[in-house]
Amino acid sequence: MSPIGHTATCPARAALAGNPSDGHGGAVVSTVVPAVAATVQIQSSARFEVAGADLVYGSIEELSERVAEQGCGDVQPLVPATLAMLHRHLGARISPQRVEVRSTIPRSVGLAGSSAIVIATIRAMIAAHSDEPWAQSLTAEPALLASLALAAEREILGIAAGLQDRVVQTLGGTVAMEFGPESTRTIDGFEAGAYRRLLGLPSGLFVAYRAEAAADSGQVHAALDPDDPAVRRAMDGAASAARAAADAIDAGDIAALGTAMDETFDLRASVMSLDPAHVEMIDVTRAAGASANYTGSGGAVIVLAADDRARTSLEALGCDILGL
């Protein structure tokens with residue numbers, strides 16, 4: 001009998017406004033970037049293995065134990081981390097699979113490439129185990145899937161990250177997220193926020209990135225002191241900008257959305273040390289009469305423009321462009 005295979009994908013994401021307040025009990029509006037995605041293909045096998053990696057495991061129990069004792073290896077560590085998290089927290093009985101990961105998401109530019117791999121891995125495993133209770137619970141509760149995806153990176157791999165990426169990549173489309181105390185809830189032991197899908201993004205939005213200006217988002221976020229009053233004020237302001245962006249999208253108010261994007265960047269710049277190569281993209285965009293914000297914490301920006309001047313200027317700067 002031929003091995004049974006399943007394939008799952010997950011797109012990149014770009015924050016529109018509010019980031020990085022989502023990591024500080026704030027709010028954010030984010031959208032997916034379907035032009036680039038992570039793809040995970042699995043096939044039933046006699047053992048767990050990841051294409052290109054040396055580590056192999058005979059069972060999900062062995063995988064979970066070895067991850068705890070020895071880590072996840074240097075090649076595609078997100079895959080064993082994800083499988084171990086599924087087993088530990090949901091008791092997932094996962095049959096051995098050969099896993100192959102491909103991604104067109106530029107690395108370390110703030111487009112959530114790592115979380116896309118985690119979510120695509122979970123989706124592929126759900127497809128292969130659709131009759132299992134753990135798979136059905138994740139299908140029925142997308143917020144749980146997003147929170148578990150975060151736990152795989154944060155608890156097992158020690159990556160400083162937040163829920164924003166995983167929520168919008170799980171739900172799809174454009175999502176307004178709240179993470180304040182009044183919005184926080186617990187799902188099967190995992191923390192989750194309050195999420196609302198938004199409709200009707202305006203035309204004129206696109207993502208620009210500079211692959212040579214990649215950055216470690218974990219280090220960027222770790223540098224913020226949440227107890228600093230200036231940081232707290234900036235994060236509160238960014239959260240307010242996210243709410244204004246959600247209202248603007250609901251109302252079809254393009255100018256107000258652009259203002260919320262610009263305010264978010266300005267608040268980030270007031271409390272964080274920013275890479276001049278990243279700031280240059282914002283400056284070039286604004287000089288062309290458009291609004292812009294960082295998509296995350298790497299070398300990518302999201303732009304809202306009424307004409308082609310900003311795109312032309314960014315391309316002249318050496319940026320690659322992704323449509324939404």
Check residue 321 against each of (1) out of contact with any His (no Cβ under 9 Å at 6 or more places or on another chain); (2) part of a loop (DSSP other than H, G, I, E, B); (3) touching a residue at least 60 places away in the same chain (Cβ under 8 Å) and name the one condition it does not meet.
-> (2)
Residue hits (segment 61-89; modelled with pLDDT under 95 and among the aliphatic types (A, V, I, L, M)) are 75
Subset of segment 262-290 [closer than 23 Å to residue 174 by Cα, outside any loop (DSSP other than H, G, I, E, B) and either more than 22 Å from the chain's Cα centre (by Cα) or touching a residue at least 60 places away in the same chain (Cβ under 8 Å) (or both)] = 263, 264, 268, 285
If you check every pair at least six apart or on different chains, which have Cβ atoms under 7 Å apart with a residue in segment 299-317 that is polar (S, T, N, Q) first and a residue that is surrounded by 16 or more Cβ atoms within 10 Å (Cβ to Cβ) second?
-> 313/284; 313/288
Inside segment 74-94, the number of residues satisfying the requirement of being touching a helix residue (DSSP H, G or I) at 6+ places or on another chain (Cβ under 7 Å) and either hydroxyl-bearing (Ser, Thr, Tyr) or on the phi > 0 side of the Ramachandran plot (or both) is 2
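Here is a list: 75, 67, 36, 50. Which entry is farther than 30 Å from residue 244 by Cα and surrounded by fewer than 21 Cβ atoms within 10 Å (Cβ to Cβ)?
Values: 67 fails: surrounded by fewer than 21 Cβ atoms within 10 Å (Cβ to Cβ); 36 fails: farther than 30 Å from residue 244 by Cα; 50 fails: surrounded by fewer than 21 Cβ atoms within 10 Å (Cβ to Cβ).
Being farther than 30 Å from residue 244 by Cα and surrounded by fewer than 21 Cβ atoms within 10 Å (Cβ to Cβ) holds for just one of 75, 67, 36, 50, which is 75.
The values are calculated or read from the model by the stated rules, or taken from the named source; none is laboratory data. Since the model is a prediction, treat every value here as computed from it, not as a measurement. Using ideal geometry, Cβ is built from the backbone for each residue, glycine included, and neighbour counts are taken over all protein chains shown.
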